[in-house]
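A.B. asks: Structure in structure tokens, see below.
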Amino acid sequence: MGKRMFRSPVVRAGLAAAVVVVMLALYWFQPWKLFTDTYVDEAVPHAVTTSAAPAPASATPASAAPTPEGNTILTVGEFITHEHRTTGSAEIHRLADGRHQLVIRDLNTSNGPDLRVWLTDQPVTRGVAGWRVFDDGEWVELARLKGNKGNQVYDLPASVDPRDFRSVSIWCKRFAVSFGAADLKGV
């Protein structure tokens, strides 16, 4: 009975279709990324805050070198969890030469397919209501996420005015969902 069943063209076609569906699902969801991490530890520019308000503890390590003249931290925010547990902080720095950079410190989130770093004009909302809002307004994709853990630095394009954006999202482009986001506040 079993050998005859696999000789049937309908059964063979069904098995072939099942294999194709499984392969597509593996490509689309990339479940192995849930069990792998990519660590990044880029050099973070030293800067001072633009006001007398103290920077978060994660923003000024005790072993920091002297601040180059003119580098300032404009905004800071702490990541909150959306689709996946996410912690760390985000800062926008204005460098002495006038360029702007997004600095992500101590990021810890899940790895995933097609993760991007976005600046957005949307407010950060806790819970499921905040997962999908970041593509509703204005946003700028800075780059693919370099790693799901560690310190990383992203240059802002010269055409981007950081005052036009109020949050950072670790955005999964494939599923249009935020893994985590930080509300940027002036310092």
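The values are calculated or read from the model by the stated rules, or taken from the named source; none is laboratory data. Bear in mind the structure is a predicted one, so any value in this text is a computation, not a measurement. Cβ coordinates were reconstructed from backbone atoms using ideal geometry, including for glycine residues, and neighbour counts include every protein chain displayed. Areas reflect the complete protein model, heavy atoms only, side chains present, ligands, DNA and RNA absent. Shrake-Rupley method; radii C 1.70, N 1.55, O 1.52, S 1.80 Å.
A.B. asks: Run the simple label-point estimate for residue 72 and residue 95 please: 7 Å along Cα→C-beta, distance reported in nm.
C.D. replies: Going by the 7 Å Cα→Cβ label model, 1.8 nm.
A.B. asks: In whole Hz and in residue order, list the ³J(HN,Hα) couplings for segment 10-16 that follow from phi through the Karplus curve 6.51 cos²θ - 1.76 cosθ + 1.60, θ = phi - 60°; x for Gly and Pro.
C.D. replies: Values per residue, Gly and Pro as x: 5, 5, 4, 5, x, 5, 4 Hz.
A.B. asks: Would you mind computing, in nm to one decimal, how far apart the modelled labels at residue 125 and residue 176 are, each placed 7 Å from Cα along Cα→Cβ?
C.D. replies: Distance between label points: 1.6 nm.
A.B. asks: Tally up the carbon and sulfur contribution to the accessible surface of segment 140-187 as a whole percent, 1.4 Å probe, everything protein left in place.
C.D. replies: Details: 900 of 1940 Å².
Roughly 47 percent, rounded to a whole number.
A.B. asks: Next question, about the same structure. Please give, to one decimal in nm, the separation of the simple spin-label points placed at residue 136 and residue 16, each 7 Å out from Cα toward the Cβ.
C.D. replies: 4.7
A.B. asks: Provide the net charge surrounding residue 105, with neighbours chosen by a C-beta distance below 12 Å and charges set as Lys +1, Arg +1, Asp -1, Glu -1.
C.D. replies: -4
A.B. asks: If R0 is 22 Å, what FRET efficiency do you get for residue 155 and residue 106 from their C-beta distance, rounded to 0.05?
C.D. replies: Between residue 155 and residue 106 the formula returns 0.65.
A.B. asks: Take the Cβ-Cβ distance between residue 7 and residue 144 as r, set R0 to 41 Å, and report the resulting FRET efficiency rounded to the nearest 0.05.
C.D. replies: For R0 = 41 Å, the calculated efficiency reads 0.30.
A.B. asks: Let me ask something additional. Over all directions, average the projected area of the Cα convex hull of segment 84-143 and note it in nm².
C.D. replies: With the hull built on Cα positions only, its mean projection is 5.0 nm².
A.B. asks: Residues of segment 99-187: accessible area per residue at 1.4 Å, in Å²?
C.D. replies: Heavy-atom accessible area per residue stands at 42 Å².
A.B. asks: Residue-wise, which Karplus ³J(HN,Hα) couplings in Hz belong to segment 128-136, taking 6.51 cos²θ - 1.76 cosθ + 1.60, θ = phi - 60°, and x for glycine or proline?
C.D. replies: 4, 4, x, 5, 10, 8, 6, 9, 7
A.B. asks: Among 93-99, 42-48, how do they line up from the highest to the lowest mean number of other beta-carbon atoms within 10 Å? Present the calculation step by step, with values, prior to reporting the outcome.
C.D. replies: Details: 93-99: 13.9, 42-48: 16.1.
The most tightly packed comes first, giving 42-48, 93-99.
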